[in-house]
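Visitor: Below you'll find the structure I mean.
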Amino acid sequence: MEYLDYVVNFLTTMAVGFYLITVLQWYNYKLDRVVFKFSKYNWHILYFVLPIATYYLANKFYWIYLFFGLLPALFIWYKKLDKPLVLTDRVKRYFALLVFLSLVGYVLDYYFHTKHGIFLPILLSVIGSEIIERIIFNNYKKQAKAKLEKINPTIIAITASYGKTSIKNFLYQLLQEKYNTYKTPKSVNTLKGIVADINNNLPQNTDIYIVEAGARQKGDIDEIAQFIQHQYAIIGKIGPQHIEYFKTIDNIINTKREILNSPNLIKAISYDLEDTLRIKDYIHNIQATLEDTQWDLTYKDRIIHLITPILGSFNAINISLAFYMAKEFGLDDAYLVRKIAKLSPIPHRLQKVQTNGKVIIDDSFNGNIEGMLEAIELVKDFGGRKFIVTPGLVEANETLNKKLAKKINDVFDVVIVTGSLNRRVLCENISRPNKIYLGDKSKLEKILADNTKAGDLILFCNDAPNFI
């Protein structure tokens, strides 16, 4: 290898390695999901397959493609991403390993007159990085377990197909005034996220630790349950969320039921699951408007009327689950009624905002069919023009997106479809509203400014980064 060859080899390795670690980070470093669940395979071809193939086939003319094709294209691609690479410690270790393996390869090439190429260092970096991270994670896991045992809080684990984060936040608001309460932040709900949260954030004086538990495959929640060994569990509504991973509703139900596997479990409360305290039949007379949500809740021998500023009839279910769990900690009815009447909305989950005479319903973090249909139902009687901005359902089948499209067709005046994932199925099944397709979400603000006016309602219904 001559010096220019080394430079070209190194830059190509770093460029392809950069693309690979970026998409791996999007999918929680799961290579199988990057290979089989990726929605824009043309990116894989342009920034992974084509560079490697060209490197081995173009020989001495490859540098032209590198400097005038790959690097400029990769730069433009990255600048347009709405979810860029986060330079975490894991990413830094990956790049350090990639550089090290490349340098080792150059030394071997120099002394033994070989050409190690670019694919092998990238492959070994991915494999080596995974091994290193598993070793590091096991150490972090031991530290987190020791810290959790030392603090010894009462732990409440929450899972559901829909509403896990909302239930967690509502319960936290009900308990925090009476107890030193801490919850997993945002939508952290994997074992790795929980371990990191305990090590980095869990306060030493925590009385109650509320943990959200999610899953993409069988065994994920059981792994969390065996680790935190919670005393209480909440199971919210279960439905076809992530059906493409689990294949059947029964698989989803059985995975959610893994939250009952804690060896320290005292009580489990659910919306509608056997072997738990089921509250489905205790929730009555739900009335949901754009102003508030009201319903009656039966608790033991009494009926309690609840009013909350939180929008959406499904939130009557989520708040009722939080109410029942709060009662396990001795909170009286009157106190809980007052707290529920003052609950703060969860950002981007049916959050109502009024600006410039327009009503905006931000439900962009709601990605399940029931929640999206509920949001549409909530706004259908609004008197002015109604706009919806949506990519459709992500990680769902075509049947569910057709169901969503039919509901949109019945209610809205204008639909703005963002992203290419569900463009075909939505546009084919929406006939009445005006349709605007938006491949680049950076133009959304201008589109809305040009097409909406005072008196209009805009519903942001789900969101998806542009890699989806």
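The values are calculated or read from the model by the stated rules, or taken from the named source; none is laboratory data. Computed from a predicted model, the values in this text were never measured in an experiment. FYI the Cβ positions are ideal-geometry reconstructions off the backbone, even for glycines, and counts take in every protein chain you see.
Visitor: Among the residues of the range 311-320, is there at least one that is at pLDDT below 95, in a helix (DSSP H, G or I) and within 21 Å of the chain's Cα centre (by Cα)?
Guide: Within the range 311-320, one or more residues are at pLDDT below 95, in a helix (DSSP H, G or I) and within 21 Å of the chain's Cα centre (by Cα).
Visitor: Further, regarding this structure: Need at least 2 residues that are hydroxyl-bearing (S, T, Y) per element, so show me which helices (runs of 4 or more DSSP H) inside the range 1-76 make the cut, counting only ones lying wholly within it.
Guide: Correct list: 3-26, 50-58, 62-65.
Visitor: Checking W295 against (1) at pLDDT 95 or above; (2) of a type in the set (F, W, Y); (3) part of a loop (DSSP other than H, G, I, E, B), which test does it fail?
Guide: Here W295 meets the rest and fails (3).
Visitor: Are there helices (runs of 4 or more DSSP H) fully within the range 367-468 with at least 2 residues that are of a type in the set (G, A, S)? List them. It would help to see each step written out before you state the result.
Guide: Working: elements: 369-379, 398-411, 423-429, 444-451.
Once the helices (runs of 4 or more DSSP H) in the range 367-468 are filtered for at least 2 residues that are of a type in the set (G, A, S), what remains is 369-379.
Visitor: Sticking with this one: Do you know which residues across the range 346-391 are basic (K, R), surrounded by fewer than 21 Cβ atoms within 10 Å (Cβ to Cβ) and touching a helix residue (DSSP H, G or I) at 6+ places or on another chain (Cβ under 8 Å)?
Guide: K380
Visitor: Right, another one. From the residues in the range 236-270 that are of a type in the set (G, A, S) and closer than 16 Å to I369 by Cβ, which one is modelled with the highest pLDDT?
Guide: G236
Visitor: Would you tally the residues in the range 257-276 being within 15 Å of S320 (Cα to Cα) and either loosely packed, with under 15 Cβ neighbours inside 10 Å or in contact with a Cys (Cβ under 8 Å, 6 or more places away or on another chain) (or both)?
Guide: Number satisfying all stated conditions: 1.
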